[in-house]
Structure formats: C-alpha cells, structure tokens
Amino acid sequence: MELVRGDYRPPLEYVKGIPIIKYFAESLGPLQSWQPRPDDLLISTYPKSGTTWVSEILDMIYHGGDLEKCHRDSILTRVPFIEFKVPGCPTGLEVLEDTPPPRLLKTHLPLALLPKGLLDQKVKVVYVARNAKDVAVSFYHFYRMAKVHPDPGTWESFLDKFMAGEVSYGSWYQHVQEWWELGRTHPVLYLFYEDIQENPKREIQKILEFVGRPLSEETVDHIVQHTSFKEMKKNPMANYTTLPVEVMDHSVSAFMRKGVTGDWKNVFTVAQNERFDAHYAKKMAGCNLNFRSEL
Ligand code: PPS
C-alpha cells in the first residue's frame, strides 16, 4: 500500500537517539541550516498537547480576530510545521518560504533536534503542555489514523512504548521538562492545555501580552468562541480533513477526537494507572511542573 507516494507506516528512525517519523527525520538536515527571522513566533509542543488549538488562537490574534482571513488556508499552511515532510505534500520548509512575515511556526522537536537558528535568533516560543495520560491516549488514536506512524499495536503495548519514550519525538517526560528549563534563558510562554480549557480568556490574555498585541475584550470573546472544540471540529481549515486520506484517515479516528481533559479514565485499566503513576513519579522527581489530569 502507498502513502500518497511513499511507504505505508514506515518504522521510526532514530536521530541523536530520538525516535522520529521517518519522513520527518529526512527534513532535519536541511532544517539545521535554515535561518529563521527574529520576528518569527514558534509554537512548540509534545504531540497531542493542544498545538492546533493554540495555532488557531494565534492566527486569529495575528489577524485581529478576522474570521475570513483565518479561513484563507489550512492550518498546516497558515502555521508552517517546520519538520513536516510527507511524500506528495509540500514540506514545512517549502511552505515557510511562501509565508509572509510575521510568521507563526509549529514544531514538536525536542531541543536536541531543534534548528539552532531558533535559539540564536531568540525566537519567541509559546509552549503548550498537556497531562501525560491524556497525551498518551490521544497519541494512540493519532497513531491509528495518521499513517506516517508505525502501527501502534494494542493500547497496552503502545502505553509501554510511550512510557519508555519509544514513540515519535521520544520522551514526553524529557520534552516537557527541557522546554520548561529553557524558559530560564529564552523567551518562552509556558501554557497548559488544561488551563486553556478551564479559562480560555485568561490564557489568551497571557498570549496577547507575550506577543505584544493588545485586542479588545470583544475580539478576545470572539476568538474564544471561534476556537472552541465544537467550532474547530467542523472547520476544515483547522481539522486536518484537507490532507489526503492516505495521510490521515478520519474514519479510523477524527483528528478533533474528544477535546477533553480526563478521557484517559475511559481507557487506562486500574493496573495500568498504578504502573503509570509509579513510573511517572520517578521520571518527574525533582521537577516543579504540576500537571492536572482532571478538571
Ligand atoms: S498534533 O497532531 O500533535 O499537532 O495534535 P495537537 O493539536 O497538539 O493535539 C490534538 C488534541 O487536541 C485536541 N484539540 C482541542 N481540544 C480542545 N479544544 C480545542 N479547540 C481543540 N483543538 C484540538 C484534539 O481533539 C486532540 O485531543 P484528543 O484528546 O485526541 O481529542
């Protein structure tokens, strides 16, 4: 079977010890010599942590809440995904070249693989983190529908791989901690998916301040409404349905799947939860990040 014009479900490739989608790994060489602009803004996340949500929010902010402008193209084009590379689709770098500044960029890369220019140029970062249990469940369903990943196997075996950092982009534990630490020396606004869910207006105000783009309260309310899960799920420019079915098969699992906090409770067994909690405590020992797995 073909993935548009490539291999179907290729195994992950290890780059500097980090497992990554084979096609994305191929993009990393050219990305290292790419020069970002100091006025770029990077949206960074571990996969399935609210990237698309915050991308839509930021695109609306950059366009003063103008819905028509935010319908101009798919989210992958409006917010270029720098390491994106899938046979038959434009690469992240190609999309970037056609994107006028000021640009919003997306990445899931851990720091070891991040293009150096982004740090050298002090490009501002909005980082979004989500609790590990909901990320694991969302990632499992994403593996099932996005055919650039290897087959996820059973939920039980996928959870083992997630805990061991043997999924695309490697360890969640390391990712959330190293980007948190980066905030000591680099301009990083560190947000939590659960906080946005709890009070989107408050979190959008934090973003406005960070990017230095004040907006009226009315416009902020409009952004909150347009970027709700319900609205984004039916918006083809935000829900990834514009990608070929060979890349993402929404009949297997929708990209906009549930959009809630705590769905893990429907999936984890009691034994899996106990094992996960014990492992989590070890991996996060000494870290002052607090995640909420329910609201
Ligand atoms: S990706 O592929 O890594 O970029 O995915 P990402 O966008 O980071 O995460 C996808 C999950 O975010 C949920 N989502 C939302 N939740 C609440 N509100 C809004 N507006 C929203 N938009 C996307 C999406 O449903 C995925 O989570 P799950 O738990 O699978 O539903």
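Quick notes on this structure:
- Choice from 48, 282, 124 with maximal GNM fluctuation in the chain (Cα, 10 Å cutoff): 282
- For the range 87-221, averaging the sequence separation of C-alpha pairs within contact (under 8 Å, six or more residues apart) and dividing by the residue count gives a relative contact order of 29 percent.
- Estimated [θ] at 222 nm from DSSP helical runs (n ≥ 4, -39500 (n - 2.57)) normalised by residues in the chain, nearest 500: -12000 deg cm²/dmol
- GNM result for the chain, Cα springs below 10 Å: residue of 129, 271, 25 fluctuating most strongly: 271
- Centroid-to-centroid separation of the range 72-140 and the range 176-193 [C-alpha atoms, Å]: 16
- Residue exposure sequence - 171, 138, 216 - by fewest surrounding Cβ within 10 Å: 216, 171, 138
- Seen through its C-alpha gyration tensor, with square-root eigenvalues sorted a ≥ b ≥ c, the range 192-272 comes out oblate because a/c lies at 1.5 or above while a/b is not bigger than b/c.
- Projected label distance in nm at residue 120 and residue 294, using a 7 Å step from Cα toward the beta-carbon: 4.9
- Loop-located trypsin sites (Lys or Arg not before Pro) in the range 180-229, at most 16 other Cβ atoms within 10 Å (DSSP): 184
- Mean separation of Cα contacts under 8 Å (6+ apart) over length of the chain, as relative contact order %: 25
- Length-normalised contact order of the range 1-135 in % [C-alpha pairs under 8 Å, at least 6 apart]: 38
- Measuring nothing but alpha carbons in the chain and taking Rh as the Kirkwood radius, the Rg to Rh ratio lands at 0.93.
- nm² value of the averaged projected area, convex hull over the Cα atoms of the range 68-145: 7.1
- Of the trypsin sites (Lys or Arg not before Pro) found in the range 223-266, those that fall in a DSSP loop while having at most 16 other beta-carbon atoms within 10 Å are 234, 258.
- Restricting the range 1-109 to chymotrypsin sites (Phe, Trp or Tyr not before Pro) that sit in a DSSP loop and have at most 12 other Cβ atoms within 10 Å of their own Cβ leaves 8.
- Per-residue Cβ neighbour rank within 10 angstrom, fewest leading, 60, 145, 284: 284, 145, 60
- Cut-off under 5 Å, modelled amide H: who pairs with residue 127 long-range: 44, 189, 190, 191
- The alpha-carbon atoms of the range 2-61, seen along their principal axes, cover 38, 26, 25 angstrom, with the largest extent given first.
- Computed label-point distance, nm, for sites residue 258 and residue 270 using a 7 Å Cα→Cβ extension: 2.0
Taken together, the values in this text are just the output of simple stated rules run on the coordinates, not laboratory data. Computed from a predicted model, the values in this text were never measured in an experiment. Reconstructed Cβ throughout: ideal geometry from the backbone, glycine too, with neighbour counts over all protein chains shown.
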